[in-house]
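Asks: The structure under discussion is supplied below as structure tokens; questions concerning it will follow.
The values are calculated or read from the model by the stated rules, or taken from the named source; none is laboratory data. Remember, predicted model here, so these are calculated numbers, not experimental data. When we count neighbours, we look across all protein chains shown, and the Cβ atoms used for this are built from the backbone with ideal geometry, even at glycine. The area values use the complete protein model at the heavy-atom level, side chains included, leaving out ligands, DNA and RNA. Shrake-Rupley method; radii C 1.70, N 1.55, O 1.52, S 1.80 Å.
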Amino acid sequence: MRIHLTSVFVDDQAKALHFYTEILGFAKKHDVPLGGKARWLTVVSTEEPDGTELLLEPAGHPAAATYRDALVEDGIPLAQFAVDDVQAEYERLSGLGVPFTQEPLERGPVTTAVFDDTCGNLIQIASQ
């Protein structure tokens, strides 16, 4: 068993696609219209194009807003992405205007930082 797909609820799929591809550096994998404004929209790591897909899922369900708002209010990241160097990624993303809620922090062998994806979620980056 392995993880094939996971998702984040986003306020605006077009804005999320721009952020996750142009800012974070992921690549669009699937973009299938589902009727109305909704799309089956996934991105993948450019380092693993056949790896786990991240679904940029519309946050239209009322429970999604409640869940995401509670996590953000408590400062809890919805997802975590691995990077080679948290400090370097923090500096790169900060230079692009990405707002961080936690600067790089060493926690034993792991370094983490948390940013706002501008689409309603906090995302943690981590390296070992």
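Asks: When both residues are 6+ apart or on different chains and their Cβ atoms are under 6 Å apart, which pairs have a first residue that lies in region 97-110 and is closer than 15 Å to Val83 by Cα and without any contact (Cβ under 8 Å) to a residue 24 or more places away in the chain, and a second that is in a loop (DSSP other than H, G, I, E, B) and open to solvent by 60 Å² or more (accessible area, probe 1.4 Å)?
Replies: Every condition considered, the pairs that remain are Pro109/Gln128; Val110/Gln128.
Asks: Scan region 7-29 and give yes if some residue there is of a type in the set (Val, Ile, Thr), in contact with a Pro (Cβ under 9 Å, 6 or more places away or on another chain) and buried (at least 16 other Cβ atoms within 10 Å of the Cβ), otherwise no. Working first, answer last.
Replies: Step one: filter region 7-29 for residues of a type in the set (Val, Ile, Thr), giving 8, 10, 21, 23.
Narrowing further to those that are in contact with a Pro (Cβ under 9 Å, 6 or more places away or on another chain): 10.
Those left that are additionally buried (at least 16 other Cβ atoms within 10 Å of the Cβ): 10.
Yes, region 7-29 has at least one match.
Asks: Another question, if that's okay. Pairs only if they're at least six apart or on different chains, beta carbon under 7 angstrom, first in region 42-54 and over 21 Å from Asp117 (Cα atoms) and surrounded by 11 or more Cβ atoms within 10 Å (Cβ to Cβ), second modelled with pLDDT of 95 or more and of a type in the set (Lys, Arg); list them, first residue then second.
Replies: none
Asks: For region 79-128, enumerate the residues that are of a type in the set (Val, Ile, Thr) and within 18 Å of Ile23 (Cβ to Cβ). Please lay out each step first, then the result.
Replies: Applying the first criterion (of a type in the set (Val, Ile, Thr)) to region 79-128 yields 83, 86, 98, 101, 110-112, 114, 118, 123, 125.
Within region 79-128, Val83, Val86, Val98, Thr101, Val114, Thr118, Ile123, Ile125 qualify.
Asks: For region 74-83, does any single residue satisfy the condition of being more than 18 Å from Ala126 (Cα to Cα) and either modelled with pLDDT under 95 or open to solvent by 90 Å² or more (accessible area, probe 1.4 Å) (or both)? First the steps, then the outcome.
Replies: So the first thing to find is which residues in region 74-83 are more than 18 Å from Ala126 (Cα to Cα), and the list is 74.
Applying the additional criterion that residues be either modelled with pLDDT under 95 or open to solvent by 90 Å² or more (accessible area, probe 1.4 Å) (or both) yields 74.
Looking through region 74-83, at least one residue is more than 18 Å from Ala126 (Cα to Cα) and either modelled with pLDDT under 95 or open to solvent by 90 Å² or more (accessible area, probe 1.4 Å) (or both).
Asks: Quick check on region 84-128: of everything there that is on the phi > 0 side of the Ramachandran plot and of a type in the set (Gly, Ala, Ser), which residue is surrounded by the fewest Cβ atoms within 10 Å (Cβ to Cβ)?
Replies: So, considering only residues that are on the phi > 0 side of the Ramachandran plot and of a type in the set (Gly, Ala, Ser), the one surrounded by the fewest Cβ atoms within 10 Å (Cβ to Cβ) is Gly108.
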